[in-house]
Amino acid sequence: MALSEQYLEDDVHPIDIVEHIAVHHDWDFDRIAEDQIAMAVEGQWRTYSITLAWSQFDETLRLICTFDMEPPKDRLPALYESLNTVNDQCWAGAFTYWQEANLMIFRYGLVLAGGNVASAEQIDTMISCAVMGAERYYPAFQLVVWGNRDPQDALQVAIAEAYGRA
């Protein structure tokens with residue numbers, strides 16, 4: 001059964017859909033408020049903290065995917081250069097580094113203006129894209145920060161498509 005088959009009504013709250021998706025995937029989650037949910041999604045490199053929040057004011061479903069990163073101060077310029085290059089390749093969402101919290105962030109906002117409703121498949125794809133993006137660029141960020149690699153060189157790891165598993 002498709003994820004959206006249970007949501008044929010128009011008045012379903014987007015966070016209710018997210019909660020259903022979290023249960024479907026067996027992800028740990030916490031419904032922080034009626035308009036916000038936080039969950040942990042296991043990736044290959046690490047576990048990602050994902051928060052989705054609904055803003056009725058601007059009719060936007062916001063996704064924030066975070067993971068810890070504590071780069072040495074002298075590597076921050078290289079990290080920022082990497083972020084600029086990565087964001088040039090991202091069509092949906094963007095990465096940023098929040099230095100105060102030592103967190104790498106992937107952000108995306110799904111605008112549902114005019115009373116539109118997101119399908120479960122759309123929201124599931126949003127979450128999947130955030131995790132796939134974080135997984136794709138995590139090794140490059142690590143090479144820049146801890147391997148002292150040049151950003152362009154490190155990003156070749158993320159650009160190269162891998163097929164199969166070793």
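Laid out as a table, the results:
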read-out: Among the candidates R62, R75, R107, residue that is charged (D, E, K, R), at pLDDT 95 or above and over 16 Å from the mean Cα position of the chain (by Cα); value: R75
read-out: Residue pairs meeting the criteria (Cβ under 9 Å; at least 6 apart or on separate chains; first of a type in the set (K, R), in the range 101-119; second not in a loop (DSSP other than H, G, I, E, B)); value: R107/R62; R107/L63; R107/I64; R107/C65; R107/A94; R107/F95; R107/T96; R107/A130
read-out: The range 89-114, residues that are open to solvent by less than 50 Å² (accessible area, probe 1.4 Å) and farther than 30 Å from V144 by Cα; value: L110, L112
read-out: Residue match in the range 123-135 (condition: buried (at least 19 other Cβ atoms within 10 Å of the Cβ) and farther than 22 Å from P14 by Cα); value: yes
read-out: Answer from D74, D58, D88 - the residue that is acidic (D, E) and closer than 26 Å to I17 by Cβ; value: D58
read-out: Considering residues of the range 42-82 that are among the hydrophobic types (A, V, I, L, M, F, W, C) and open to solvent by less than 10 Å² (accessible area, probe 1.4 Å) only, the residue nearest to L112 (Cα to Cα); value: L61
read-out: Any hit, the range 34-42, residues being at pLDDT below 95 and either among the hydroxyl-bearing types (S, T, Y) or closer than 26 Å to Q152 by Cα (or both); value: no
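The values are calculated or read from the model by the stated rules, or taken from the named source; none is laboratory data. Predicted, not measured: the structure shown is a model, and the values here were computed from it. Note that each Cβ is placed from the backbone with ideal geometry, even for glycine, and that neighbours are counted across all protein chains shown. We work out accessible area using only protein heavy atoms, side chains counted, and drop any ligands, DNA or RNA first. Shrake-Rupley method; radii C 1.70, N 1.55, O 1.52, S 1.80 Å.
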